[in-house]
Structure formats: C-alpha cells, structure tokens
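*Asks:* This is the structure, below, for whatever I ask next.
The values are calculated or read from the model by the stated rules, or taken from the named source; none is laboratory data. No experiment lies behind these values; they were computed from the predicted model shown. No Cβ is skipped: glycine too gets one built from the backbone with ideal geometry, and neighbour counts run over all protein chains shown.
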Amino acid sequence: MSRMILTTSALALFAVSATAATARDQVQVAGSSTVLPYATIVAELFGENTDFPTPVIESGGSSAGLKRFCDGVGENTVDIANASRRIKDSEIAVCQANGVNDIIEVQIGYDGIVFASDIEGAGFAFTPTDWYKALAAEVVVDGKLVPNDVTLWNEVNPDLPAQEIATFVPGTKHGTREVFDEKVIEQGCKDSGALAELEALAGEEAGKLCTSLRTDGRAVEIDGDYTETLARIASNKDGIGVFGLSFYENNTAKLQVATMSGIAPSTETIASGEYPVSRPLYIYIKQAHLGVIPGLKEYAEFFISDDIAGPGGPLAEYGLVPDPELAATQAVVADEALMN
Amino acid sequence: MSDRLRFEDPRPGSLLERSDRTARRSAAEARFRAYGLGAVLIGILALAMLLTSVLSSGLGAFRQAYLHVPIYLSEAALDKSGTRDVEDLKKVTTIGYGKVIAAALNNAVARAGIVVDGLTDKEIADLISREAPAQFRNMVLADPDLLGQTVEVPILANGRIDGYLKGRVTMETAALDSNVSPRQLQLADAMIQRGLMSLDFNRAFLIAPDASDQRPEAAGLGVAILGSAYMMLIVLVLALPIGVAASIYLEEFAPKNRLTDLIEVNIANLAAVPSIVFGILGLAIFINFAGLPQSAPMVGGLVLTLMTLPTIIIATRASLKAVPPSIREAALGVGASRMQAVFHHVLPLAAPGILTGAILGLAQALGETAPLLLIGMVAFVREFPDAPPEGLFDPASALPVQIYNWTQRADPAFVERASGAILVLLAFLLVMNAAAILLRRRFERRW
C-alpha cells in the first residue's frame, strides 16, 4: 500500500513538472547590475499597479545577461536583457545562431559615470587627460615606451592634490568599463597628444596601448558591484572610485564627487550633454516572446511610460537621466519595431 | 627474581625529586596544553568577532520605524466614479494613493502643532516609505468600503528616518545626504515625542517579500524563507530515500569488487566537488535539456539534492558499518532473509546516524549560494510561490541568495537587512544542528 502511494506521488510529481514547464506567467529579466535598481523599481510598481505578477529580475552584468538572452527562444529563456551598453554584433550573431532573430532595442535613459572619493579627503577636479596620464600602463618618454611610474596626482597635473594615486575601476565584465575606457581613457589619450606619439611609435597598436591600464596596483579592477568599490574607499581613504550617478546619490554622506572637465555630474548636466562621461542604458526584448509571456509588452510599455521614466518619475528620482526622445522610444515599443 | 628487576628504575634517583627527563616531559605536556587552549581560544575569538559584527549591524533589522497617523481615504481622489467598482478602483495607481497619504500626513503634522523652520510639504511627505501607497491601495482593493473613512494602521517610515531612530543616520550625515535633510530629522524627533512615530517589532522582515532600492525599509525575507523551505523539502524527499537506498545496497548487498570500489572512490570525490559545478550541471540538464523553468525551487532543490547525496551516502554507510556484524549474524541465524536482517534490525539501529547525516547535509544545502547563481535563483523575486506541488515551479529566492543580493544594493539600509538575514539563516542552521545533536544523543546506541 505504502509503495503504491510512493509510486503514485512520484508519478504525480513528474506529471506536474511536465505541465508546469509549459506555463510561465511572469516576465523574466537578466542583465546589467547598473540597470538592476531601475528594473526592480519598475517591476515593483508594475506588480503593484497591474494584475500581472511582478517580473523576476536577475543581475550579473550586461554580457552575462545578453548571453542568457541569446540562449534561444522558449519559456525557459529570459524575455528581456538589461544592458548598460549596446548589444555587440558578435552577440547578435550568437542570438541568430540560436534562433533569436527578432530583437527590440529600447533605450530607457542615460546614466552618468562619476568619480568619487572619501568625503573627508581632498576634492578633485579631473580632466580625462589626468586619468590617462595617471593610469596608462606605458607612456612615451623621449620617443620611447616606458612603464608609467607616477605615484601622486600632482605629478600628473600640478592643480591636483598631492595624494597617492589609488583608483578602483570596474572590471571588464561590466558595461561601465567600456564607457570608462572610451570616454575617459581614450579621450585622455587623444587630448594629451599621447595618441599621436603612440601612433608614430607603434602604428596600429596605438589604440590598444591607450586603453591598457597599469597593473601595479594603482588601477584596481573591481569585479563586484559598487558596494565593493565603496568598501575599498572606506579602507583606503586616498582611493578614488568609479561609480554610477545613482549609487553616488544614495551615498552622498560617505562620498564626494569630482568634477570632470570642470562640470559636476548631475541629472541636469548629463541630460544636457555637458558632463562628458555618460552612456545610454538599454533593455532588449525578445520579439518572439511578445504575446506568449503575459505582461511582457505591458511591462516594457510601463517601463518607458512618462510616469515612470519621464522627468520627475521614480527612475529620475533614483538617478536615471530621462531620455529627451522618450516619445520615440515609446513608439518603438508600441509598434514592436525590431532593431535592424 | 627477573620479574623484580624489570620493575626497578634502572637509573639512580629519588622518587621525591623530579629527574630532568620527567621535568622535560611534563613541560612538553604543559606546552601542548597551552597550544591546544590557544587554538580553542582563537576559534572562540573568531566566532565572537563574527557574532558581534553581525549582531551589532543586524539586530536593528528586527525593529522598524512606524508612523502612527490617521489617514483619511478620500473618496473624491480615490474613487472618482463613486461606484466602488474594483475594476474602476484599480485605475488609481499608487502614485494617486501617495498624494492622498502625503496630504493626510501634512494634516497630521499641522494638527499636532509641530513647526520646523523651512520644512516643505514634500519633505514631510517623504517621511513615509514608498511602500505605504501600495499598502493602502491593497487595503482599499480588498475592502472598498474603507473609502471615505479614516484608517489608522502603522505606516512604514522612510529608510533614512528609520536609520535615524536606530542611530545609523545622524544630523551630521543628514546634512551631507541628498536623500534626507536635518529638518526631516527634527520633525521625526517631534513626532516621536508626540507618539506619532515609534520603533516597533518588524514582523514584516520575516514575512514580506524583497523590495527595490527605493524602499529598503519594506524589504523582507518572506519569499526567501519559503523558497529555501521548498528546496529543503525537495532535498529531503529525494536525497534521503535515494541516499539511503544506495548506501544500503553498497554496504549490505553489493559484491566487493573493483566496480564497487570505483563507485566508492567516486562518491567520496563527489562530496568534495565545488558546489558551483552542480549549478553548471543543473543548468545544462534540468533547464536546457529537461526544459524546467528558471528560478524555480524545483531546479534548485534538484541541484542541491545532487550536492547533498554524497554527504548522506557517506554518513549512512558509516552508520551502517557501525552496527556490529553480530546483529546481522544473529538475525540470519534465526532464519531471517538478508533483506529482513537489514530492514528489521540493522537499519533501525543505524537510523539516528543516518538522520544526523541527513540533517547536516540539509544544513549545508541551506547555506549554498553558488549553485543557485546559474539556475536563475539569484534574482529579485517579489511574488510568493504558490503552495506545492505547483509552487515548486514558481520563481523564488533563497535565504543565502537574499543575503548576497542585499549586500550589493546601493542604499546603506540594506547592510542592516543583510546582517539581519544572516542572523535568521544562522538561527535556522543552529536549530538544524541542535536537532542533529539531540537525535544522536537521544537515540544513538554504542556497542
């Protein structure tokens, strides 16, 4: 008798597993840890104000999220990838190889990248050139490539305080790093004239030489989240960390922010384009899942609605810089317009 | 004669005086005792440090600042049609409710006669958690008759205000903080004096779901505890029978040959495999191949089952081995079959050891995060899973995962939450380990 009960319950379990596997009623999202706070705020409001269940949101980085997104089409794959950078051609190719042909690209707003140090320490006014000169692995001296050996910020730029160079930059798995490389290091490389010298010296390798950072402990790569960077600064008061604007705004009691090229970061200066280091944030939607996963389109529309992503909405309040072209983005989602 | 000679100390010396050699020997023993004591003390010190740091930052999570102000649920604002139709009521979003609550709080502050220079209406409204509008909206949707009435329920205070009551936020930090102003803290002081705000026991921490970065004060462990419970259920239901069956076969029935030796080595090996490997396996087999849903306790439970099996098999085999052969022989001697001997005599005697092993295996599985990373359980989940069996396939979080998640959040209030969650996890582990020790003490037989 007991054996029979055991067998039937085991059979029932498998039967249930077979049926459950074909019915998912909540949206699943994976991707960027920068987008995560915004996505959770939207998901929370979406779950509270609609009859749809709250979407499930995973983080882990833009690249990891896009990889999961491109795993294929079906209920056991994610519906949306959050990304703090644009999807790469190589990733689109992987997507297509796995049958994810139709992707909708939605730009949800802009995020600023800020440079912050301990609240008790000295204030900084940086330019991209300062960062390049402080962090480049090798610099050109007298027509030769030599390892960078500056140790104090005032050796890079006399206007900066005489403080040890100790920086915490995002690891390469973060989308933030790409923006940092492009808008700060490469820009500094160009502005300082180093790019021209490097091109004369190394030809095609110049671009790569520009963005290779020091490995002698002056530029520490942080693979974890901003909380780890914050902890590093707490233990090394000379440290300067790279953060997202919203993270800084939640920790203004511990951090002070540096200006970049004379502009202090704020939602206004980023929206106007004055503050140089910002990037758009994206969500990528799997078109094949629209109409299959309940609430997917509604979630996307809710995300970029004026009430949520517009000026004065909860996302802007948290630190997202609203996209001036929000109406165009809303049209993209409404028409389910695919990215080409 | 030779016997007497053997017992005599061959060296000269008095019994009353310690020889050098004895002195050296006792000194060596004293040194060893000191080392041993030192080792124990280091362990205790490390534990004490861990507990103090977790307790000092985590105990605050069990108390929460609540506002006690009457809220008038205005019909004009919340039910424009006046029909009390739930579908109509749903059209008013939490933003609409937020305005009603803000107005009510402003009223309450004015009525209490609290005056703080330069305090704006928005600053007063920001004293309340962003969770409160959802709380009232759900109340109204559940009981539309509340409209037009004045409701008085405890309302969550904003995380920064909560931090002020717990000493995490001070006037100095508030002056630098862009999310709270010293004026708001003065208002909070005045409200506490008038009994409009207090720190109460935080039941929601144990039963509420996770919350976004904008409302750390509302974040709770409900979904995580339920998810962990579901996974433990699956591990228990699957790993215990499979593990015990495998060990009984290997120990009592299987021939001792190369093949069983190989299996034995592999089981011991599996017990030492890093847990993330089981996560990779789970992703490949259960999600990509079998098509089970992501973030589901079912998949998490299956992965943890695989991880726990070797532990249970090793513990079970050890306790089966500990049953003296005489028991088996006596049973066989009076005519029992081998199966009868095992199930009627050996297994009951080995049961306490098996249960202890199973509980320790479960405790290990309860604290695992790494394998859950790959199967989508390290996620923001706010919906409670349904009751089993269907609920086993709904997305859920898990206790250690929730801790990991909260340590990554930007708002400093989550540090307290994470430490509080560690305390909850430690409490569960303590209960499980105590149960294991109790079982062993109570039922174990020695020969």
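Quick grid of which residues meet (1) modelled with pLDDT of 90 or more; (2) touching a His at 6+ places or on another chain (Cβ under 7 Å); (3) in the same structural domain as A:ASN154 (by TED's automatic domain parsing); (4) surrounded by 15 or more Cβ atoms within 10 Å (Cβ to Cβ):
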| site | (1), (2), (3), (4) |
| --- | --- |
| A:GLY193 | no, no, yes, no |
| A:ALA196 | no, no, yes, no |
| A:VAL242 | yes, no, yes, yes |
| A:SER246 | no, no, yes, yes |
| A:GLY291 | no, no, no, no |
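*Asks:* If you don't mind, another one. For region A:153-163, enumerate the residues that are surrounded by 14 or more Cβ atoms within 10 Å (Cβ to Cβ) and either in contact with a strand residue (DSSP E or B) (Cβ under 7 Å, 6 or more places away or on another chain) or under 16 Å from A:ALA137 (Cβ atoms) (or both).
*Replies:* Residues satisfying the conditions are A:VAL156, A:GLN163.
*Asks:* Taking only region A:50-64 into account, find how many residues are free of Cβ contacts under 8 Å to residues at least 40 places away in the same chain and farther than 23 Å from A:GLY112 by Cβ.
*Replies:* Result for region A:50-64: 4.
*Asks:* Would you pick out the residues in region A:293-317 that are over 18 Å from B:ARG130 (Cβ atoms), of a type in the set (Val, Ile, Thr) and within 14 Å of another protein chain (Cβ to nearest Cβ)?
*Replies:* A:ILE293
*Asks:* Would you point out which residue out of A:GLY295, A:GLY217 is at pLDDT 90 or above and under 26 Å from A:GLY61 (Cβ atoms)?
*Replies:* Only one candidate qualifies: A:GLY295.
*Asks:* With region A:37-149 as the region, which strands (runs of 3 or more DSSP E) entirely inside it contain at least 3 residues that are within 20 Å of B:GLN294 (Cβ to Cβ)?
*Replies:* Answer list for region A:37-149: A:56-58, A:80-83.
*Asks:* Checking A:SER235 against (1) of a type outside the set (A, V, I, L, M, F, W, C); (2) within 14 Å of chain B (Cβ to nearest Cβ); (3) more than 30 Å from A:LEU198 (Cβ to Cβ): exactly one of these is not met. Which one?
*Replies:* A:SER235 satisfies all of (1) of a type outside the set (A, V, I, L, M, F, W, C); (2) within 14 Å of chain B (Cβ to nearest Cβ); (3) more than 30 Å from A:LEU198 (Cβ to Cβ) except (2).
*Asks:* Of all residues in region B:264-303 being at the interface with another protein chain (Cβ under 10 Å from one of its Cβ atoms), on the phi < 0 side of the Ramachandran plot and not in a helix (DSSP H, G or I), which is surrounded by the fewest Cβ atoms within 10 Å (Cβ to Cβ)?
*Replies:* Of everything passing the filter in region B:264-303, B:ALA290 is surrounded by the fewest Cβ atoms within 10 Å (Cβ to Cβ).
Every residue, every condition in (1) crowded, with 24+ Cβ neighbours inside 10 Å; (2) more than 10 Å from chain A (Cβ to nearest Cβ); (3) within 29 Å of A:LEU230 (Cα to Cα); (4) in contact with a Lys or Arg (Cβ under 8 Å, 6 or more places away or on another chain), yes or no:
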site	(1), (2), (3), (4)
B:ALA370	no, yes, yes, no
B:ARG382	yes, no, yes, no
B:PRO385	no, yes, no, no
B:VAL415	no, no, yes, no
B:SER419	no, yes, yes, no
B:VAL424	no, yes, yes, no
B:LEU430	no, yes, no, no
B:LEU438	no, yes, no, no
B:ARG445	no, yes, no, no
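*Asks:* When only residues in region B:118-138 that are of a type in the set (Asp, Glu) and buried (at least 18 other Cβ atoms within 10 Å of the Cβ) count, which is nearest to B:ASN158 (Cα to Cα)?
*Replies:* Restricting to residues being of a type in the set (Asp, Glu) and buried (at least 18 other Cβ atoms within 10 Å of the Cβ), the top hit is B:ASP126.
*Asks:* So which residues in region A:251-267 are within 20 Å of A:PRO280 (Cα to Cα) and not hydroxyl-bearing (Ser, Thr, Tyr), if there are any at all?
*Replies:* Matches in region A:251-267: A:MET260, A:ILE263, A:ALA264, A:PRO265.
*Asks:* Also, I was wondering about something else. Of all residues being within 14 Å of chain A (Cβ to nearest Cβ) and acidic (Asp, Glu) in region B:205-257, which is nearest to the chain's Cα centre (by Cα)? Just the residue, please.
*Replies:* Among them, the one singled out is B:ASP210.
*Asks:* Separate question: Within region A:150-173, track down each residue that is in contact with a Lys or Arg (Cβ under 9 Å, 6 or more places away or on another chain) and more than 18 Å from A:ILE233 (Cα to Cα).
*Replies:* Of everything in region A:150-173, those that are in contact with a Lys or Arg (Cβ under 9 Å, 6 or more places away or on another chain) and more than 18 Å from A:ILE233 (Cα to Cα) turn out to be A:VAL150, A:GLU155, A:VAL156, A:ASN157.
*Asks:* Given the residues A:ALA162, A:ALA137, A:ALA125, A:ALA116, which is the only one that is among the hydrophobic types (A, V, I, L, M, F, W, C), more than 30 Å from A:ALA253 (Cβ to Cβ) and assigned by TED's automatic domain parsing to the domain that holds A:SER246?
*Replies:* Answer to the check: A:ALA137.
*Asks:* Does B:ILE192 meet the test of being touching a helix residue (DSSP H, G or I) at 6+ places or on another chain (Cβ under 7 Å), at pLDDT 90 or above, assigned to a helix (DSSP H, G or I) and not basic (Lys, Arg)?
*Replies:* Judged against the criteria, B:ILE192 is not a match.
*Asks:* Give me a count of the residues in region A:49-64 that are away from every other protein chain (no Cβ under 11 Å) and under 20 Å from B:ALA396 (Cα atoms).
*Replies:* Of the residues in that region, 0 qualify.
*Asks:* With surrounded by fewer than 18 Cβ atoms within 10 Å (Cβ to Cβ) and away from every other protein chain (no Cβ under 14 Å) as the only criterion, which of B:VAL115, B:VAL109 stands out?
*Replies:* None of the others qualify; the one that does is B:VAL115.
*Asks:* Among (1) out of contact with any Lys or Arg (no Cβ under 9 Å at 6 or more places or on another chain); (2) at the interface with chain B (Cβ under 8 Å from one of its Cβ atoms); (3) crowded, with 20+ Cβ neighbours inside 10 Å, which single condition is A:PHE46 missing?
*Replies:* (2)
*Asks:* For the structure I just gave you, tell me whether B:PRO371 is farther than 30 Å from B:PHE443 by Cα, out of contact with any strand residue (DSSP E or B) (no Cβ under 9 Å at 6 or more places or on another chain), of a type outside the set (Ser, Thr, Tyr) and not in a helix (DSSP H, G or I).
*Replies:* No, not satisfied.
*Asks:* Does B:ARG328 count as within 19 Å of B:ASN405 (Cβ to Cβ), touching an Asp or Glu at 6+ places or on another chain (Cβ under 9 Å) and of a type in the set (Lys, Arg)?
*Replies:* So B:ARG328 fails the test.
*Asks:* If you don't mind, there's one more thing I want to ask. Taking A:ASP216 as the residue in question, decide whether it is part of a loop (DSSP other than H, G, I, E, B) and among the charged types (D, E, K, R).
*Replies:* Here the answer is yes, as A:ASP216 does meet what is asked.
*Asks:* Out of the residues in region B:242-292 meeting the condition of being among the polar types (S, T, N, Q) and closer than 20 Å to B:ARG338 by Cβ, tell me which one is modelled with the highest pLDDT.
*Replies:* Checked region B:242-292; the qualifying residue modelled with the highest pLDDT is B:SER247.
*Asks:* Looking at A:LEU320, is it within 13 Å of chain B (Cβ to nearest Cβ) and within 17 Å of A:SER33 (Cα to Cα)?
*Replies:* Answer is yes for this residue.
*Asks:* Only one residue in A:ASP238, A:ASP225 is acidic (Asp, Glu) and under 30 Å from A:GLU75 (Cβ atoms). Which one?
*Replies:* A:ASP225
*Asks:* For region A:245-332, list the helices (runs of 4 or more DSSP H) that sit wholly inside it and hold at least 1 residues that are charged (D, E, K, R) and in contact with a Leu (Cβ under 9 Å, 6 or more places away or on another chain); which are they?
*Replies:* A:296-303, A:306-309
*Asks:* Only one of (1) free of Cβ contacts under 8 Å to residues at least 40 places away in the same chain; (2) more than 26 Å from B:ALA427 (Cα to Cα); (3) touching a Leu at 6+ places or on another chain (Cβ under 9 Å) fails for B:VAL378. Which number is that?
*Replies:* (2)
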